[in-house]
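For reference, the structure discussed in these notes is given below.
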Amino acid sequence: MDRGTPDFWRWRFFTEQELRGVSTGGIKIVPAFLDRLDKLREAFGAPLTPTSFYRDPQHNARVSNTGETGPHTTGRAIDLRIMGRDVYRLLPLAINLGFTGIGLSQKGDHRSRFIHLDDLPDGPSCPRPWIWTY
């Protein structure tokens, strides 16, 4: 995407600074993913706080069992801090909007609970749609 165009950042509910702040190793913008994420936030009707977005391959290999090619390395995955009833409300919206990878972490300290969302395609080592827990 050309940063020189006036509409470079067209998303209403997530800022570049916000996503850059939870990214490691720069930022990778995939407009279709952010369009989907913006629609999700609009449908949810309340703020959603990102805790992880883009990860460079080396960082991802250190913090995730998906290695250097995990969903966060594609620019098409995000973790959002959310818990309890809000997860129950967000989950069907995410499914209806076409998120194909959904991971739920709802154990432990409430401040560390999150939902992982991605929209990766079906693949031989990555069947989709898929929902898992941490």
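The values are calculated or read from the model by the stated rules, or taken from the named source; none is laboratory data. Predicted model only: the values in this text are computed from it and were never measured. We place every Cβ from the backbone using ideal geometry, glycine too, and count neighbours over all the protein chains shown. Heads up: the accessible areas ignore ligands, DNA and RNA and are worked out on the full protein's heavy atoms, side chains in. Shrake-Rupley method; radii C 1.70, N 1.55, O 1.52, S 1.80 Å.
The table that follows gives values for the structure above.
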quantity: Given (1) at pLDDT below 95; (2) within 20 Å of Ile115 (Cα to Cα), number of the condition Gly25 does not satisfy; calculated: (2)
quantity: Residue among Leu97, Leu104 that is open to solvent by less than 90 Å² (accessible area, probe 1.4 Å), closer than 18 Å to Arg36 by Cβ, of a type outside the set (Asp, Glu) and at pLDDT 95 or above; calculated: Leu97
quantity: Sole exception among (1) part of a loop (DSSP other than H, G, I, E, B); (2) open to solvent by less than 60 Å² (accessible area, probe 1.4 Å); (3) not aliphatic (A, V, I, L, M) for Pro50, by number; calculated: (1)
quantity: Qualifying residue in segment 118-127 (condition: under 17 Å from Ser52 (Cα atoms), open to solvent by less than 50 Å² (accessible area, probe 1.4 Å) and either among the small types (Gly, Ala, Ser) or in contact with a strand residue (DSSP E or B) (Cβ under 6 Å, 6 or more places away or on another chain) (or both)); calculated: yes
quantity: Restricting segment 107-129 to residues that are outside any loop (DSSP other than H, G, I, E, B) and farther than 17 Å from Phe33 by Cα, the residue that is nearest to the chain's Cα centre (by Cα); calculated: Phe114
